[in-house]
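The values are calculated or read from the model by the stated rules, or taken from the named source; none is laboratory data. This structure is a prediction, so every number in the text was calculated from the model and none was measured. Backbone-built Cβ (ideal geometry, glycine too); neighbour counts: all protein chains shown. Side chains are part of the model used for accessible areas, which takes the heavy atoms of the whole protein and leaves out ligands, DNA and RNA. Shrake-Rupley method; radii C 1.70, N 1.55, O 1.52, S 1.80 Å.
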Amino acid sequence: MSVNTFRNMSYGLYVVSSLDGDRPVGCIANSIMQITASPATVAVSLNHDNYTNSCVAVTGKFAFSILSEKSAPSIIGGFGFRSSRDNDKFAEVPHVMKEGLPVLTDACGYVVCKVLKTMETETHTVFLGEVIDADVLDESAPAMTYAYYHNVIKGTSPKNAPTFLQEDNPEAVPEGEKKIHKWKCQVCGYIYEGETLPEDYKCPICGQGADKFVMIE
């Protein structure tokens with residue numbers, strides 16, 4: 001079985017948010033879909049290991065911000081590769097409160113839902129939510145898809161994402177050709193390719209410096 005065929009499925013890129021008491025929490029998700037139009041309902045899938053999952057279960061509400069191709073790549077690094085259990089992710093990004101939940105302003109739009117039902121799988125919880133608020137924030141850029149993130153930004157998926165695939169080992173460069181090295185960001189998994197890694201290089205996904213990169217063969 002080739003799981004690479006899953007790359008052909010369509011996904012968006014979202015920041016799902018909720019509350020831990022009064023503290024905003026959130027994580028990256030790409031498995032969100034509209035179920036019905038009237039009443040408007042959507043479903044979101046969150047890994048059991050995501051701290052946001054347990055917060056949604058307690059509050060009974062969740063929101064999601066729809067990232068665009070103009071959204072700062074650092075949002076993906078901040079929300080996708082760190083845990084809200086130990087990090088105040090919303091302290092680093094502009095956001096507003098809608099129906100008591102945080103949503104990003106650097107996004108196409110947002111949706112706020114109250115949880116109607118849940119379904120448990122071995123690794124994820126699927127939350128079915130009734131939409132209680134939604135709005136368009138920016139129509140100037142297309143919504144970001146996972147394909148755009150993977151093919152254009154060259155980002156990888158965190159291990160809790162449904163789209164996570166174990167990366168293959170880089171192929172060896174044929175003898176006699178210029179050696180191109182690869183460095184991997186230890187925070188978000190971004191791969192930089194080149195002869196050398198500049199000392200002042202910053203990861204385009206999570207913003208970390210060159211000291212967070214390790215050479216891979």
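In table form, for the structure just shown:
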| quantity | calculated |
| --- | --- |
| Qualifying residue in the range 209-216 (condition: of a type in the set (Gly, Ala, Ser), modelled with pLDDT of 85 or more and open to solvent by 60 Å² or more (accessible area, probe 1.4 Å)) | no |
| Criterion: modelled with pLDDT of 85 or more, in contact with a His (Cβ under 7 Å, 6 or more places away or on another chain) and of a type in the set (S, T, N, Q) - qualifying residue of 196, 123 | 123 |
| Any chance residue 93 is open to solvent by less than 20 Å² (accessible area, probe 1.4 Å), within 21 Å of residue 133 (Cβ to Cβ) and touching a strand residue (DSSP E or B) at 6+ places or on another chain (Cβ under 8 Å) | no |
| Pair list, Cβ under 6 Å, 6 or more apart: the range 182-199 residue in contact (Cβ under 8 Å) with a residue 60 or more places away in the chain and among the β-branched types (Val, Ile, Thr), other residue in a loop (DSSP other than H, G, I, E, B) and surrounded by 15 or more Cβ atoms within 10 Å (Cβ to Cβ) | 187/81; 187/206; 187/208 |
| When residues of the range 69-82 are limited to those that are modelled with pLDDT under 85 and touching a Phe, Trp or Tyr at 6+ places or on another chain (Cβ under 9 Å), the one most open to solvent (accessible area, probe 1.4 Å) | 73 |
| Any chance residue 17 is part of a strand (DSSP E or B), in contact (Cβ under 8 Å) with a residue 60 or more places away in the chain and either buried (at least 22 other Cβ atoms within 10 Å of the Cβ) or touching a Leu at 6+ places or on another chain (Cβ under 7 Å) (or both) | yes |
| Unmet criterion (only one of (1) open to solvent by 10 Å² or more (accessible area, probe 1.4 Å); (2) among the hydroxyl-bearing types (Ser, Thr, Tyr); (3) within 13 Å of residue 13 (Cβ to Cβ)) for residue 45 | (3) |
